[in-house]
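This report concerns only the one structure given below.
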Amino acid sequence: MKKVIFVLMLVFVVIMAGSTDLLAQCAMCKATIKDNVESGQGIGQGLNKGILYLMSVPYIIGSFIAFFWYKNSKKNSEKQQLLDKIKSKFAK
């Protein structure tokens, strides 16, 4: 188990060390969008809608998972209550 954790940590460190170039792109995008908005081009609104879309997808997926989890747990609870009633009738 310790070897697995060590390997996972090593992979994580390697991935994080290799992702320094990705952080540089944020400043470039920000500068490009700022220039486009100041010059009157409509790229900024499209980017904002894209960000909102990307932000909403995990919440929607999480909501579906929570709904089905709740529905399944309610069904299991009803089954358990029915089994308890049956057990109590036969226990007498």
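Coordinate-derived values only; no laboratory data. Fair warning: this is a prediction, and the values are worked out from it, not measured in the lab. Note: ideal-geometry Cβ built from the backbone for every residue, glycine included; neighbour counts use all protein chains shown.
Once you place label points 7 Å from the Cα toward the Cβ at residue 47 and residue 69, how far apart are they in nm?
Rounded to a tenth, the inter-label distance reads 3.5 nm.
Taking the alpha-carbon distance from residue 79 and a cut-off under 21 Å, which lysines remain once sequence neighbours fewer than 8 residues away in the same chain are dropped?
71, 87, 89, 92
Expressed in nm to one decimal, what extension gain is obtained for the pair residue 86 and residue 35 from 0.36 nm per residue of sequence separation less their Cα-Cα distance?
Details: separation 51, 0.36 × 51 = 18.36 nm, distance 7.17 nm.
Full extension of this stretch gives 11.2 nm more.
Round to a whole angstrom and tell me the spacing of the C-alpha centers of segment 46-72 and segment 78-92.
Between the Cα centre of segment 46-72 and that of segment 78-92, the gap is 39 Å.
Return the FRET efficiency for the residue pair residue 59, residue 7: r is the Cβ-Cβ distance, R0 is 25 Å, and the value is rounded to the nearest 0.05.
Working: r = 33 Å, r/R0 = 1.31.
Result of the calculation: an efficiency of 0.15.
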